[in-house]
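Trainee: Encoded as structure tokens, here's the structure I'll be asking about.
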Amino acid sequence: MSNLWPWLVVAGMGALHGLNPAGGWPLAAAWGMRSGGRVQALHALLPIAAGHLASVALVAGAVVWGLTMDRFTLQVLAGGLFAVAVTAHLSGHLPKAARAPAGHAGLALWSFMVSTAHGAGLMLVPALVPLCAGDASALEMAGSGPLTLAIAAAGIHTAAMLAVTGLLATVGYGRLDAGARWLAARKRE
């Protein structure tokens, strides 16, 4: 049972990230409203998950290779990237295509920046260390190397986040759609 706890923590933190509005469910619901369907809201989850997974994998790789990561440095890099994007957008000198609503690549980049800025992967370090850098007998019993376990942990974390985010995006889309219909009916009266 003691070997199961790190995995439960990894999945639980993913579910917690899915509950957080910064995890992307309001954006996925809005994407669905803009694109005209619940299916489109669910399609927006893929780039959100890709960005989140990239952020978590960055930290998981650092744990496996024994690198130290400074949270402040990661936050400054993510914040700097965000500041450049905002400045470019607000300058008004961007082509019209660049000012259009974000596509899947923009949504994935946003997800990566937000996940990195709030330390999504860093929160997993206490669970990743026993999984990836624990005693050799535990690694041999699992039949996997530390990199494989880190990749599995990042995948489980992202899957849990994606499941909760998808549920909330679907519910959020339904509420937004019902609200939009109600407003349209009031306008016609």
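Taken together, the values in this text are just the output of simple stated rules run on the coordinates, not laboratory data. None of these values were measured; they are calculated from a predicted model.
Trainee: Cut-off 10 angstrom, C-alpha nodes, Gaussian network model of the chain. Which of 148, 87, 170 fluctuates the most?
Mentor: Highest fluctuation of the listed residues: 87.
Trainee: Over all directions, the average projected area of the alpha-carbon convex hull for the range 1-116 comes to how many nm²?
Mentor: Averaging across all directions leaves 9.2 nm² for the Cα convex hull.
Trainee: Please find, in a Gaussian network model of the chain (springs between Cα atoms separated by less than 10 Å), the residue of 93, 52, 157 whose mean-square fluctuation is greatest.
Mentor: In the Gaussian network model the winner is 93.
Trainee: Given the options 66, 23, 79, which has the most mean-square fluctuation in a GNM of the chain, springs set between C-alpha atoms less than 10 angstrom apart?
Mentor: Sorting by GNM fluctuation, first place goes to 66.
Trainee: State which helices in the chain qualify, where a helix is a whole DSSP H run, it must extend 24 Å or more along its own axis by its Cα atoms, and its mean Kyte-Doolittle hydropathy must be at least -0.5.
Mentor: 45-64, 71-91, 146-188
Trainee: Per the helix-only calculation at 222 nm, which mean residue ellipticity applies to the chain, given -39500 (n - 2.57) for every DSSP H run of n ≥ 4 and division by its residues, nearest 500 deg cm²/dmol?
Mentor: Rounded to the nearest 500, the figure is -26000 deg cm²/dmol.
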